[in-house]
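The structure under discussion appears below in the form of structure tokens.
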Amino acid sequence: MASGRLSIDLNAIAANWRSLNARTDVETAAVVKADGYGLGSARVAQALAEAGVRRFFVASAEEGAALRQSLGEGPEISVFSGHMAGDTSLIRQAQLTPMINSLDQLLRHLDALPGHGFGIQLDSGMNRLGLEPEEWAAIREIALEQRPRLIMSHLACADMPDHPMNRAQLACFTQMTQGVDVPRSLAATGGILLGREYHFELTRPGIGLYGGLPFEAAMPVVRLDIPVIQTRQLAIGESVGYAAAWTAARVSKIATIAAGYADGLIRAMGPQAQLWHGGQALPVVGRVSMDMIGVDVTDLPQTPPSLQLLGPDQGVDQLAACAGTIGYEILTSLGARYHKAIV
Ligand SMILES: *Cc1c(COP(=O)(O)O)cnc(C)c1O
């Protein structure tokens, strides 16, 4: 079979949730946007619901409606993009909780779905989504009369504990929510690790559940094994792949493996990246093609049927570093062609 095998450890996801939950005294939700960070929101959310998650966050109403199908009635599903034009029937039918971002959204929501639960998103300095302090001050009383279920904001620099933005955003959020009698949430994965003051009444980790930084203690969640299609012997001076970008400096054995940038193996990772077998690192040679990558297996006594790109020897963040990106992008880029195995 010429497709890579992506193994997803749902028990590790549940264990990561439990261990983040154990770091706070408050409720721990779960972020499953972008199809559960690329791993399949239905199975991820079901495993997390079994572990005890009662509230999930997604990016859009469409994601929320799909998640409702797999979770059934019960768990709360909150939508970061709030109540957009055209979302009303999905929000009603799937019983979603839009996190309202603006006065326009608040008016749309109260007009279209009076009495339907919602949350409020405040901008404490990231300047991405949410009501700014002045806007919030102007509508706070009206909004609070409608009994929002949650008030939240998002940290821009939580993965850098010493960054002054963290304290500034904490102060801003604390000030904006002074005296409100509604559960509050500021912390995602990074915010949980910043400590108690950042936890408020609810945390909402994403990446840490999936084994990514900044949760260093996370259990690894994914393995990716890619089959070898063919191997060949190269003489000194022969080259591999497009643009003849790599040339053999010794007599070499090159394996061509069955995954490429169309499978989310970011082309820019190129020769920085390594495949693994039995604890041995095997360099990528030449350019990453759409469906194939060349690997130098000269130092292996025998070429195995597949080589490992993600696993205990190389996690998502190490691979991300090879491509100058972050674990989040590696996970959410994982392509549709892999054979997905739940372990
Ligand atoms: C993605 C996201 C999260 C989860 O963040 P992680 O860093 O993956 O834990 C939480 N809140 C908001 C608003 C988000 O966009």
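The values are calculated or read from the model by the stated rules, or taken from the named source; none is laboratory data. Bear in mind the structure is a predicted one, so any value in this text is a computation, not a measurement. Because the Cβ atoms are built from the backbone with ideal geometry, glycine has one as well, and the counts that use them run over all protein chains shown. Only protein heavy atoms, including side chains, enter the accessible area calculation; ligands, DNA and RNA are left aside. Shrake-Rupley method; radii C 1.70, N 1.55, O 1.52, S 1.80 Å.
Points worth noting:
- Of all the listed residues (SER252, SER239), the sole one being open to solvent by less than 30 Å² (accessible area, probe 1.4 Å), more than 15 Å from the ligand (Cβ to nearest atom) and over 26 Å from SER78 (Cβ atoms) is SER252.
- ASP317 outside any strand (DSSP E or B), under 19 Å from the mean Cα position of the chain (by Cα) and among the acidic types (Asp, Glu): yes
- Residue count, the stretch 21-69 (criterion: open to solvent by 10 Å² or more (accessible area, probe 1.4 Å), more than 19 Å from PRO98 (Cβ to Cβ) and in a helix (DSSP H, G or I)): 10
- The residues of the stretch 210-236 that are open to solvent by less than 50 Å² (accessible area, probe 1.4 Å) and within 22 Å of ARG267 (Cα to Cα), listed by number, are GLY212, VAL222, LEU224, ASP225, ILE226, PRO227, VAL228.
- ILE91 being open to solvent by 20 Å² or more (accessible area, probe 1.4 Å), outside any strand (DSSP E or B) and β-branched (Val, Ile, Thr): no
- Residue in the stretch 197-206 that is touching a residue at least 40 places away in the same chain (Cβ under 8 Å), within 11 Å of the ligand (Cβ to nearest atom) and among the charged types (D, E, K, R) present: yes
- Checking ALA341 against (1) without any contact (Cβ under 8 Å) to a residue 12 or more places away in the chain; (2) part of a strand (DSSP E or B), the condition it does not meet: (1)
- Of all residues in the stretch 269-290, those satisfying the criterion of being under 15 Å from ASP225 (Cα atoms), modelled with pLDDT of 95 or more and crowded, with 17+ Cβ neighbours inside 10 Å are GLN274, LEU275, TRP276, HIS277, LEU282, VAL284.
- One residue from LEU155, LEU209, LEU129, LEU193 being over 30 Å from THR88 (Cβ atoms), outside any helix (DSSP H, G or I) and within 23 Å of the chain's Cα centre (by Cα): LEU155
- Residue satisfying all of: in the stretch 162-177; of a type outside the set (Val, Ile, Thr) and not in a helix (DSSP H, G or I); nearest to the ligand (Cβ to nearest atom) among these: HIS163
- Looking across the stretch 158-186 at every residue that is of a type in the set (A, V, I, L, M) and open to solvent by 50 Å² or more (accessible area, probe 1.4 Å), the one that is nearest to the chain's Cα centre (by Cα) is identified as MET160.
- Taking the stretch 240-294 as the range and being in a strand (DSSP E or B) and in contact with a Phe, Trp or Tyr (Cβ under 6 Å, 6 or more places away or on another chain) as the test, the residues that pass are VAL240, VAL285.
- The stretch 303-320, subset in contact with a helix residue (DSSP H, G or I) (Cβ under 8 Å, 6 or more places away or on another chain) and not β-branched (Val, Ile, Thr), residue most open to solvent (accessible area, probe 1.4 Å): ASP317
- Checking the stated criteria, ASP159 turns out not to satisfy the condition of being away from the ligand (no atom under 16 Å from the Cβ) and either outside the structural domain of SER124 (by TED's automatic domain parsing) or at pLDDT 95 or above (or both).
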